[in-house]
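Below is one structure, written out as structure tokens; the observations come after it.
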Amino acid sequence: MVASRGEKRFWMLLTYAVLILFSVYCLFPFLWMLVTSLKPTEQIRSVNPTFWIDHPTFKHFANVLYHSKFGTYFANSVKVALSTTVIALAVSIFAGYALSRYGQFRGVKSVGAAMLLSQMIPGVLLMIPLYLIMKQLGLINTLGSLIIAYTTFMIPLCTFMMKSFFDSVPMEIEESAEMDGCGKLSTIFRIVLPVSVPSLIATSLFAFVNAWNEFMFGYVFINADDSRTLTPGIMLFKGLYLTDWGSISAASVLSVLPVIIMFAYMQRFLVEGMTAGAVKG
Amino acid sequence: MNAKVEKRDHTASIPDIAADNRPASRRTTTRVQRARRYALLFVLPAFLFLVLLNAFPLGQVVWDSFHYRNMVNAAQQGWAGLSNFVGVLHSEIIGKTLWNTVLWTVLSVAGEYIAGIVSAMALNQPVRGRAFFRGIIIVPWVVPIVVAGMMWTWMLTPEYGVINIWLVKLGIIDKPYYWLGEMNTALLAITFVNIWRSFPFYTISLLAGLQSVSREVVEAAAIDGAGVMTRFRKIVMPQLKTVSLTLIFMHIIWTAINFDFIWIMTEGGPFHASETLPITIYRYAMKEFDMGAASSLSTLMLGFMIVVFSLFYFSAMKKRQET
Amino acid sequence: MGGNKKLSLLLAGVLAVSVLAGCGSGGGKAAPNDGGSAGGTQSASQGSGSSQEQVILQYWNADDPSLQESKDAEKLIKEFESSHPNIKIEMQYISYEMLHDKLVTAINAGDAPDVSWGLPEWVGEFAAIDSLLDLTPYFDKWSDKDKIYPNVIDALKVNDKLVGMPNYLGIRALEYHEDMLKKAGISAPPKTWDELIAMGPKIKEAAGVDAFGITGTGVRVPQELIVYLAQNDLEIAEKMDDGKYKNTWNDDPEQLKRAAEVFQFYKDLADKGVIGSKTWGYQELDTNLALGQYAMSVNGAWQEQRAKENPDGMKDVKIAPIPYKLKPATYMEVVPYFIYKQTKHPEEAWEFLSFMMDKPYQDLIHPTNSARNDVVSDSQWGKDFMALSPTGVVFPPISLGGVTQAMIDSLARLYLKKDSPEDVAKWLSGAINDSLKKSGDLSSK
């Protein structure tokens, strides 16, 4: 390597400093949530808030797990988020591919513009019309309503993400595959997608997390407790005058941890998709 | 000539293609025709979703903005002409909220992008424990917004918020400051929280983009004597260009129409100091039941964004043609 | 089919009689249940042969499901179901945070629940959307109608129609830390605005905390402001001869002067160091009282629950009437139950609603804050608040969205924009009328 030892050391230290700084920024509120979920009620709101817990307790977790339908909410969120991710990804791969490779056609271009336009409507004004549509489809109170709505919300960005990643896949690979007699579909699935694994993961994570955390439509479309998803479920602990901070925190920790673990696992693939010759970490 | 052919075909776009699909295999088609068929087939599912769920609401917004539609005032209904627009533009706070919207959008997106690219570059280095750091960086993004908003509000409170008390203990400020309750800091404080929440997605996307930057090329450039900044500008950035533009574009739209954090943390207060257009729209629609006013403000926002984006698009096209 | 209807009417009759009997004998809780369930089993056994028409009522409840009171309520509702085999209650918990927008959306889509909780601020607007069932005929026939405080019932009337029933009351009072006042050598809480302002510096010096707390943003601002206005003999909107409403301050120099005095009082609170923050929301106000960060504020009986979180901070908190100027007044939050016009089963919905208004239910679920005059608790969180109900004022039954926002803005104009009290009073009067005009509530007089 050309960089001198000292220079290398400097960059290394800087990298660590940056990473630690970002970790503090990112973790601070989460840690506060975690600490709150373990504090006894009388320590939660105090004039002298600390990260130190005198007598840690699991009673908020017990309250969430045994005295609310957290399990149901959790299962519903998993179903909704996974379905949304799969459908949105399937749709966006093709739409993104079309936008990347066939952007010159007007039909494609106008769908792209429509997608952009669809993102510009404030959510509040979507509430009543979408409720009516869902009612007409007989989907109110079902997870189907959320899956369809979230998929529609996710498709535009997923498509644009996929487009921008496909843009960086050289045409030549595809052309040679087509020479070899591959059809369009098999070219996409066998040639283009395998080199786009990191972007597929980034995109599907996006769809998953947004569906997992969505709040407004989750509470507008669903009245029945059995179809309720996590975020509206967590907000039930917020009373009119008093907020049950311990339980809110415990429920949030329980809903956040699986996603973090999933990401920690997924990022292996994010790294695996690196181009040849890269140093694996 | 080419353009003409395209135009004619376009008029018979999507339904036609679907009907056309079956005989296609038998007919001998040119390469361009086949490509067009693929293209339209590929965007069809996305198109259907948009038509199903977005076309009607969008139409409704534009329609309502020219009608009196106040749910609590049944006496006044029907065509309103431009009076909804006149009404919202004459509101005392419209100038303030417009400025807030611009400030909120620009500061948020800029902050998110800077934080995103710095963290992505750092995470792309072969340092020890980067899997761990990557796991941490994603945390803000997976905490539900409602919960995060409430947590931050609590932590930022002067009397019993942990941030204020720590800042005082560390000697950074003299006495607790009401970040969300003072007119000059409310919007900035929420922007800070919004950056916290949104930048991890930039990090992940940019990191995915960085994977396609060949390390060999970077190292070769280093051997040729290119400094860190030059390597970054000349080799890394061009690779991230499309991803970056997509991220920034989408986030400009989303941030401009986003309202959750602001509503949860300050409801636009104190004295409209943190009120952006979506908050005003929400208030018109859900608190005053004036769908006409809410829709006309949305239509204005929509129109403004369309103009800005088309201007950008055409200038980019022009640039591309020139080069 | 006809037989079934008769059966359910009979059942309702049996229940009504047994409720009456229960109240009359003072035997309280057990009596209606016994009578009811006996009738229930009977009818169930009769109905099992034919196809009993099952009525499902959608009921949206804004309580926190993990509270004991919710669990008790669930149990009572189960009992109601077993005594009314033809009625099934599908209850959903939806916190207040989400309830408003959800109701608006559902009403618009023709999908409203049968019965729901609400907030007093929504009474006027929901009535204006014409979504609430007129309960007057049901109430008139109800055997317990004289058990409800009359001014509470008046608060739920729009154009002489009763559009809701009182779920519970949130009356406001002055809550004060007795120890802090004692430290400053003050033996009794302030009775008037002037006394309150005079105590400011004393308490600050002796106890080291601010004497008073107010909210400057959010839903609580209008609820506090309306009290001070009423104490100076003012209404935010007066009912005129044509049955519509108008703010009359700008028409009458005397009223405008009194309104300016109210804002002058707010200004003095800040200028003379009686309050600390001018922009708290209700969370900050309530939490800081419980943490002992200031001495007194206008607050509600829900602070009792804070005692669990901050037992030390809450132990010396006492209740007194709110300091006044011309006449004593307080805000009486009448939290309503609504039955929606879209319901297909108004009879059964009323049956269910009146069950929740009955003494046994109220005794168990709302011992301290019931709207029934025969349910009064001996704790200071019960009777001390109820004692103030004769002076209680409520919001007029108009669409309040724009009005309450104007009230919040008026304080911001005073404190943050530094407008003079006179200008703020003038502005608020105009802004309220603008909002009334928009919603069609403005009187032409």
Residues with amide H under 5 Å of C:Asn373's amide H, sequence separation 5 or more or different chain, H placed in the peptide plane at 1.01 Å from N; which?
C:Ile148, C:Tyr149
How much of the pair distance distribution for the range A:1-111 lies past 25 Å, counting alpha-carbon pairs only, in percent?
64
Relative contact order of the range B:37-192, please, whole-number percent, based on alpha carbon pairs below 8 angstrom and at least 6 residues apart.
12
Once the Cα atoms of helix A:197-213 and of chain A are each reduced to a long axis, what angle between those two axes, in degrees from 0 to 90 to the nearest 10, is obtained?
30
Amide H neighbours of C:Asn167 under 5 Å, at least 5 residues apart or on other chains, H built in the peptide plane: list them.
C:Val335, C:Tyr337
Taking Rh as the Kirkwood radius computed over C-alpha pairs, what is the Stokes-Einstein D of chain A at 20 °C in a medium of viscosity 1.002 mPa s, expressed in µm² per second?
97
Where the Cα atoms of the range C:239-341 are projected onto their three principal axes, how long is each span, largest first, in whole Å?
53, 49, 24
Given 4 °C and 1.567 mPa s, compute D for chain C with the Stokes-Einstein relation, Rh being the Kirkwood radius over Cα pairs; round to the nearest whole µm²/s.
55
Could you work out [θ]222 nm for chain A from helices alone, using -39500 (n - 2.57) per DSSP H run of at least four and dividing by all its residues? Round to the nearest 500 deg cm²/dmol.
-23500 deg cm²/dmol
Where Lys and Arg each count +1 and Asp and Glu each count -1, what net charge lies around C:Val298 among other residues with Cβ under 13 Å from its Cβ?
-2
Of the listed links C:Lys204/C:Lys418; C:Lys102/C:Lys437; B:Lys96/C:Lys437; A:Lys69/C:Lys71; C:Lys71/C:Lys145, those spanning more than 20 angstrom between alpha carbons are C:Lys204/C:Lys418; C:Lys102/C:Lys437; B:Lys96/C:Lys437; C:Lys71/C:Lys145
Proxy reagent accessibility, fewest Cβ within 10 Å first, across B:Ile279, B:Ile173, A:Ile260, C:Ile186:
B:Ile173, A:Ile260, C:Ile186, B:Ile279
Enter the mean number of other protein chain beta carbons within 10 Å of the beta carbon of each residue in A:155-164, as an integer.
5
Considering only DSSP beta bridges with both partners in the protein assembly as shown, what is the antiparallel share in %, to the nearest 5?
65
In nm², the average projected area of the convex hull spanned by the Cα atoms of the range A:70-236 is 10.8
GNM flexibility winner over chain C from C:Gly110, C:Gly218, C:Gly273 (Cα, springs under 10 Å)
C:Gly110
Among A:Cys182, A:Met162, A:Phe206, the residue whose Cα sits farthest towards the positive end of the charge dipole of the range A:140-215 (+1 at Cβ of Lys and Arg, -1 at Cβ of Asp and Glu, taken about the Cα centre) is A:Phe206
The answer for the net charge of residues other than B:Met265 whose Cβ lies under 15 angstrom from its Cβ, with Lys and Arg +1 and Asp and Glu -1, is -4
Can you tell me which of C:Ser82, C:Ser187, C:Ser389 moves the most in a GNM of chain C? Springs connect C-alpha atoms under 10 Å apart.
C:Ser187
With charges only on Cβ, +1 for K and R and -1 for D and E, what is the dipole size of the range C:247-302 about its Cα centre, in debye, rounded to 20?
180
Name the most mobile residue of C:Lys308, C:Lys239, C:Lys183, meaning the one with the largest mean-square fluctuation, in a Gaussian network model of chain C with Cα contacts below 10 Å.
C:Lys308
If you line up the long axis of helix A:5-38 against the longest principal axis of chain A, both from Cα atoms, how many degrees apart are they, to the nearest 10?
40
With runs of 4+ DSSP H residues as the only contributors, calculate the mean residue ellipticity of chain B at 222 nm using -39,500 (n - 2.57) per run, divided by the residue total and rounded to the nearest 500.
-21500 deg cm²/dmol
Phi to ³J(HN,Hα) by Karplus 6.51 cos²θ - 1.76 cosθ + 1.60 over the range B:228-240, Hz, x for Gly, Pro
4, 5, 5, 4, 4, 6, 8, 10, 6, 4, x, 5, 8
Relative contact order of the range A:70-236 (C-alpha contacts under 8 Å, at least 6 apart) in percent is 44
Quick one: net charge around C:Phe385, please, counting Lys, Arg +1 and Asp, Glu -1 for every other residue with C-beta under 14 Å from its C-beta.
-2
Could you list C:Lys202, A:Lys8, C:Lys438 in order of exposure, starting from the residue whose Cβ has the fewest other Cβ atoms within 10 Å?
A:Lys8, C:Lys202, C:Lys438
The size of the Cβ-based charge dipole (Lys, Arg +1; Asp, Glu -1) of the range B:109-251 about the Cα centre, to the nearest 20 debye, is 340
Averaging sequence separations of C-alpha pairs under 8 Å and six or more residues apart, then dividing by the length of chain B, give the relative contact order as a whole percent.
26
Could you give the angle, 0 to 90 degrees to the nearest 10, between helix C:401-415's Cα long axis and the longest principal axis of the Cα atoms of chain C?
20
If unit charges are put on Cβ atoms (+1 for Lys and Arg, -1 for Asp and Glu) and the dipole of chain C is taken about its Cα centre, the option from C:Pro190, C:Pro397, C:Ala371 lying farthest towards the positive end turns out to be C:Pro190
Quick one: Debye curve from the C-alpha atoms of the range B:38-160, no solvent, what's log10 I(q)/I(0) at q = 0.15, 0.16, 0.18 Å⁻¹?
-1.12, -1.13, -1.13
Cα-Cα separations in chain B greater than 38 Å, expressed as whole percent:
36
How do C:Asp101, C:Asp363, C:Asp146 rank when sorted from fewest to most other Cβ atoms within 10 Å of their own Cβ?
C:Asp146, C:Asp363, C:Asp101
In whole Å, what are the Cα extents of the range B:94-274 along the three principal axes, biggest one first?
57, 40, 28
Within the range B:70-155, DSSP-loop trypsin sites (Lys or Arg not before Pro) with at most 15 other C-beta atoms within 10 Å are B:Arg128
Dipole moment magnitude, nearest 20 debye, chain B about Cα centre, only Lys, Arg, Asp, Glu C-beta charged
1640
Calculated [θ] (222 nm, deg cm²/dmol) that DSSP helices of n ≥ 4 give over chain C, each run adding -39,500 (n - 2.57):
-15000 deg cm²/dmol
How much of the pair distance distribution for the protein assembly as shown lies past 37 Å, counting alpha-carbon pairs only, in percent?
56
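Laboratory data are not the source of any read-out in this text; all were calculated from the coordinates shown. Quick caveat: nothing in here was measured; it's all calculated off a predicted structure. Virtual Cβ from ideal backbone geometry, glycine too; neighbours counted across all protein chains shown.
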